[in-house]
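Only the coordinates and a few stated rules stand behind these numbers; no lab work does. As the structure is a computational prediction, the values presented were derived from the model and not from experiment. Neighbour counts are summed over all protein chains in view; Cβ atoms, including those assigned to glycine, are modelled from backbone coordinates with ideal geometry.
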Amino acid sequence: MAPDVTLFEVGPRDGLQSRGEMVTTADKIELVDTLSRTGLRKIEATSFVAPRWVPQMADAPEVMAGISRMPGVTYAALTPNLKGLERALAAGCDEVAIFAAASEGFSRANLNCSIAGSFERFAPVLDRAKASGTPVRGYLSTVIACPYDGPTAPEDVARWTRRLLEAGCYEVSLGDTIGAGTEETLNALLDRLLEEVGADRLAGHFHDTSGRATDLVSLSLDRGLRTFDASIGGLGGCPYAPGAPGNVDTRRVLEVIEAHGLTHGVDMRALESAETVVRAIGAV
Ligand code: HMG
Ligand code: MG
């Protein structure tokens, strides 16, 4: 039986992308392989972005080629443009993700274009992914606040969420990129979003900058969300969001899910092995 809540493990991508010291391809492969044995069913293994922008992800094809695929696990990757998608398909990714922002400042810093311009780039990605039968997830960053533009209006988040879903994304992951969210601002955002989007098409992606991420997961569960992004050992951050630390720690999200009396299907003991790999890499 499928668990009540789906965890999207983003540690190998969001966790490692902004590390100053290069993590070896072998270490990345070991991390993904260990995560594959935990019961997690969605693993974002890498990203097919421009290596000049994010050098740490330059070995994406080698990571995908080196991992041992566990049946039942979806191996996903970020693809900002058609070139990224072609590389991801060649590498055998099961699923890809496009990523937009709800604020212009972050869109320019992260993607070198306006929000509208990013959607022009996504159109051929979605067409090609559809033709190849590859599911596309949508990320929307800075849903609470932007490091460049300040607070984000829920109305803007609603507009770009709608656009991502209409464009063909099966769900939108709401990124609190700099961990600015409070229960009040998240509630206001969900009040607006849930007017027009089902909770089953939304996921929570909380960076733990202010130590409130688990409270926001808990609130989101109360509001009906059942998919959360998390990072093993809490590692990570975005290279274009200064000061943004890791995604909320996978273990802590699992504990919140259990506290709500819901199932997640992850073996906590096996998770320890993945945490050990993270520590050995020196990533936390
Ligand atoms: P650009 O410089 O405008 O792109 O960057 P371009 O088309 O002019 O290409 C520049 C060079 O990159 C060219 O190479 C391209 O071939 C190459 P050159 O001819 O100069 O040698 N190139 C690529 N190479 C490999 N794979 C590709 C690719 N695309 C271009 N896919 C671009 C535009 C979108 C490419 C760039 O801005 C980029 O890669 N951005 C990605 C930034 C990133 O990865 N950020 C972190 C992930 S998002 C995140 O962390 C937030 C999230 O976690 C949610 C949240 O927390 O809010 C998801
Ligand atoms: Mg992130």
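Below, the figures for the structure above:
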quantity: Farthest positive-ward along the chain dipole, Cα basis, beta-carbon charges - from Ile232, Leu194, Ser118; calculated: Ser118
quantity: Computed Rg/Rh of the range 245-284, alpha carbon atoms with Kirkwood Rh; calculated: 1.03
quantity: Net charge contributed by nearby residues that have their C-beta within less than 13 Å of Thr74 (K/R +1, D/E -1); calculated: -1
quantity: Cβ charges +1 (Lys, Arg) and -1 (Asp, Glu), total dipole of the chain, debye; calculated: 720 debye
quantity: Between the range 135-168 and the range 1-69, the Cα center-to-center distance that results, in Å; calculated: 24 Å
quantity: Antiparallel %, DSSP beta bridges [both residues in the chain], to 5; calculated: 10 percent
quantity: Protection proxy ranking of 128-137, 46-55, 191-200 - average other beta-carbon atoms within 10 Å, highest first; calculated: 46-55, 128-137, 191-200
quantity: Shape metrics for the chain, restricted to C-alpha atoms - Rg then Dmax, Å; calculated: 17.0, 46
quantity: Helical contribution to [θ] at 222 nm, DSSP H n ≥ 4, -39,500 (n - 2.57), averaged over the chain, rounded to 500; calculated: -12000 deg cm²/dmol
quantity: Around Arg201: net Lys/Arg minus Asp/Glu count, Cβ-Cβ under 14 Å; calculated: 0
